[in-house]
Structure formats: C-alpha cells, structure tokens
Amino acid sequence: MRKCTECGEGMQQLKAKTPEGIEYDYYKCRKDGEEIVDMKQLHEVAERYRVLKKYNVKLSKWGLSLGIRIPKELVEKYKLKNEKEVSIIPEKTGIRIITS
Ligand SMILES: [Zn+2]
C-alpha cells in the first residue's frame, strides 16, 4: 500500500473527475487528508485528455501542396483569420501548428 509522504500513514486510492468529466485515480491519506497523484495516474489522465482533444480532419489538394481545414471551434479558440501566418513545425509523430 502507498504511504503518505507527510505522515507515513497508509493512503487509499480514490476516484475523482476533472471539470471536463475525465475520471482519474488519486491517493488520499487516511489520517491527514493529504492527496497525491502518482506518475502512472497522471499519464492516464494526460492520455484521456489527448483523445478528448483530438480532431479528425481531411487534407485537400491545393496545387502541389495539401491544405488542412481547421475546425471552427479551433479557429475561434486560437483567434485565427484568413491569411494569418502560422508556423508549422515537423516533429517525430506529426506536425505542430504554432498560431502565435
Ligand atoms: Zn498523511
């Protein structure tokens, strides 16, 4: 069983939800109420966030290049405008778009 870093007492594993409704596990000390989330639990939450925030869009041919259509929700969120310049950064598993 996991021990509390504050008092050494046993901690129990509980479930909670983020404001977005993502359920996650955390540990709470039986004695002083100290709460912690370990790396494994943290990674699980991060993974669920990734899936939740994923958008599937289609590429369309634009001359010799391919254009990507950015959903309205993201256009508003990042205040994108027609002809606005953004940066794209090639990464190992994909392309990152930097909007500012
Ligand atoms: Zn404690």
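Rule-based calculations on the coordinates, nothing more; no lab input. Keep in mind that this is a model prediction, so the values were computed, not measured. Methodologically, a virtual Cβ is constructed for each residue, glycine included, from the backbone with ideal geometry; neighbour enumeration extends over all protein chains shown.
Here the gap between Ser60 and Ile98, fully extended at 0.36 nm per residue and compared with their Cα-Cα distance, gives a gain of 11.7 nm. In the chain, the longest principal axis of the Cα atoms and the axis of helix 39-52 are about 30 degrees apart. How big is the Cα convex hull of segment 11-52 in projection, averaged over all directions, in nm²? Result: 2.9 nm². Based on the alpha-carbon gyration tensor of segment 59-98 and its eigenvalue square roots a ≥ b ≥ c, which shape applies: rounded if a/c is under 1.5, prolate if not and a/b is larger than b/c, or oblate? Oblate is the answer for segment 59-98, as a/c is 1.5 or above yet b/c matches or exceeds a/b.
A Förster radius of 22 Å combined with the Cβ-Cβ distance from Gln13 to Arg50 puts the calculated FRET efficiency at roughly 0.45.
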